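Everything on this sheet refers to the single structure shown next.
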Amino acid sequence: MKRISILGATGSVGQNTLDLIGRDPGAYEVVALTGGRNIAQLADDAKAMRADLAVTAHEELLGDLRDALAGSDIEAAAGQAALSEAGARPADWVMSAIVGVAGLRPGLAALEQGATLALANKESLVAAGPLLMRVARENNARILPVDSEHSAIFQALVGEDMAAVNRVIITASGGAFRDWPLADLAQATLAQASSHPNWNMGQRITIDSASMFNKALEVIEAREFFGFEPDQIEVLVHPQSLIHALVGYHDGALMAHVGPHDMRHAIGYALNWPERRELPVEALDLAAIGMLNFETPDVQRYPALRLAREVMRMRGLSGAVFNAAKERALDHFIAGAIGFTEMNSVVERVLSSHALQMPGTENDITLDQVTKSDHLARICADQVVRDINNRM
Ligand code: NDP
């Protein structure tokens, strides 16, 4: 039996992972499940899956979790150290699906025990890619991509020589505001930004799709995961979101990965890798779809893509700064403290104010450095938001 843990089990990716595991219960032993505020879901899933351990990120919710697990022999724990403990519990395969950089330490703990880490939590790779890759190497652990674009690239590379790759193209739906007049973007509301044209995902990644910060993270993720040079990574707007990525080879071939809008494909691929097994996903009817469209992204509409290039040029800890500034800008947008387009201004200002503090090399970055950069960038982002509001 494959021993499995799911970090972020109560979220969108976590629930899709549980759906797949639940279809073949005899094949898996669930070690640990973690969640945040959704204690009822966490406890229900822990009981249904007979998990050994259930962890909430929030210490004040430990009593609620214990109550919800009463009558079972499932261990309950809470807080940051307990999340890392969940990652460290011996398992063969760990899904990293916490949202935000909060997923970094538990993911590192999973790699340190030598587990295969199925990585949906792109923020940890953006903030600390060289560190994650180094810890994986040192512990003979494997990281498998779960983000649909990176799973697509991974699949389009099977059996190929990396030296023959000359470019990768990551597709983007264009998000909720692809067709809005530019002048209206500043007035976009939280509800409007929280609705994705194609995918059903958690709120934060949905808003990041509207602003293209999600794609910016993915460009950096592709660099960190596969080692592509920044100028080899292209972004193409593809409103139907059916081609997730393409890999271009020196001989002119473009290998495209086509699949439905269903994360269970990418999750299932990572779960069954290196095998391909049947998955409960729709078989696409291309004739009914009829047409696939592509556009060059509008750089004025999506400044986040330019900022991703800047991060890859700066290197060092700039990914940690970028991600933290983006997370804080998003918090402030969700709280109504700034407008939709002001998220770009916040991230750009934080990135420029931290530029001089970045070490020149990145291969030896430590968790302490990442944590410190993340912390400073959040303070700086909060200050920028105060400045914006004081000017009004
Ligand atoms: P959700 O918001 O749906 O779920 C996030 C999970 O993390 C929940 O279990 C949540 O708990 C938990 N969580 C939230 N905050 C914290 C915290 N501070 N510490 C520990 N746990 C926390 O997110 P998604 O499932 O949409 O996304 C998860 C990750 O996967 C993200 O990195 C995202 O970018 C990536 N991803 C998601 C895709 C998708 O289709 N959704 C596609 C590709 C990548 P609770 O809900 O109980 O509070």
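The table that follows gives values for the structure above.
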quantity	calculated
Enumeration of residues in the stretch 164-184 that are surrounded by 13 or more Cβ atoms within 10 Å (Cβ to Cβ) and of a type in the set (D, E, K, R)	ARG167, ARG178
Of all residues in the stretch 59-78 being surrounded by 15 or more Cβ atoms within 10 Å (Cβ to Cβ) and without any contact (Cβ under 8 Å) to a residue 24 or more places away in the chain, the one that is nearest to SER124 (Cα to Cα)	ALA78
Enumeration of residues in the stretch 13-53 that are assigned to a loop (DSSP other than H, G, I, E, B), open to solvent by less than 40 Å² (accessible area, probe 1.4 Å) and away from the ligand (no atom under 12 Å from the Cβ)	ALA51
Qualifying positions in the stretch 54-107 - within 18 Å of the chain's Cα centre (by Cα), outside any helix (DSSP H, G or I) and of a type outside the set (A, V, I, L, M, F, W, C)	SER96, GLY100
Out of GLU138, GLU160, GLU85, sole residue that is within 28 Å of ASP231 (Cβ to Cβ) and more than 10 Å from the ligand (Cβ to nearest atom)	GLU160
Positions within the stretch 88-113 being more than 10 Å from the ligand (Cβ to nearest atom) and among the β-branched types (Val, Ile, Thr), in sequence order	VAL94
Pairs with Cβ under 8 Å, 6+ apart, first in the stretch 166-195 and without any contact (Cβ under 8 Å) to a residue 12 or more places away in the chain and farther than 12 Å from PHE333 by Cβ, second surrounded by 15 or more Cβ atoms within 10 Å (Cβ to Cβ) and among the aliphatic types (A, V, I, L, M)	TRP180/ALA188
Complete set of residues in the stretch 258-287 that are surrounded by fewer than 16 Cβ atoms within 10 Å (Cβ to Cβ) and among the acidic types (Asp, Glu)	GLU275, GLU278, GLU282, ASP285
Per-region count, the stretch 134-158, residues in a loop (DSSP other than H, G, I, E, B) and not basic (Lys, Arg)	7
Selection count, the stretch 212-224, where residues are more than 8 Å from the ligand (Cβ to nearest atom) and either in contact with a His (Cβ under 6 Å, 6 or more places away or on another chain) or open to solvent by less than 10 Å² (accessible area, probe 1.4 Å) (or both)	8
Some residue of the stretch 150-163 being modelled with pLDDT of 95 or more, surrounded by fewer than 19 Cβ atoms within 10 Å (Cβ to Cβ), over 20 Å from TYR269 (Cβ atoms) and over 19 Å from the mean Cα position of the chain (by Cα)	yes
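To keep it simple, each residue is scored yes or no on (1) among the charged types (D, E, K, R); (2) without any contact (Cβ under 8 Å) to a residue 24 or more places away in the chain; (3) open to solvent by 20 Å² or more (accessible area, probe 1.4 Å).
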| residue | (1), (2), (3) |
| --- | --- |
| ALA210 | no, no, no |
| PHE228 | no, no, no |
| GLU234 | yes, no, yes |
| VAL237 | no, no, no |
| HIS250 | no, no, yes |
| ALA256 | no, no, yes |
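The values are calculated or read from the model by the stated rules, or taken from the named source; none is laboratory data. Because the structure is predicted, anything quoted here is derived from the model rather than measured. Here Cβ is always computed from backbone atoms with ideal geometry, including for glycine, and neighbour counts include all displayed protein chains. SASA here: full protein model, heavy atoms, side chains in, ligands and nucleic acids out. Shrake-Rupley method; radii C 1.70, N 1.55, O 1.52, S 1.80 Å.
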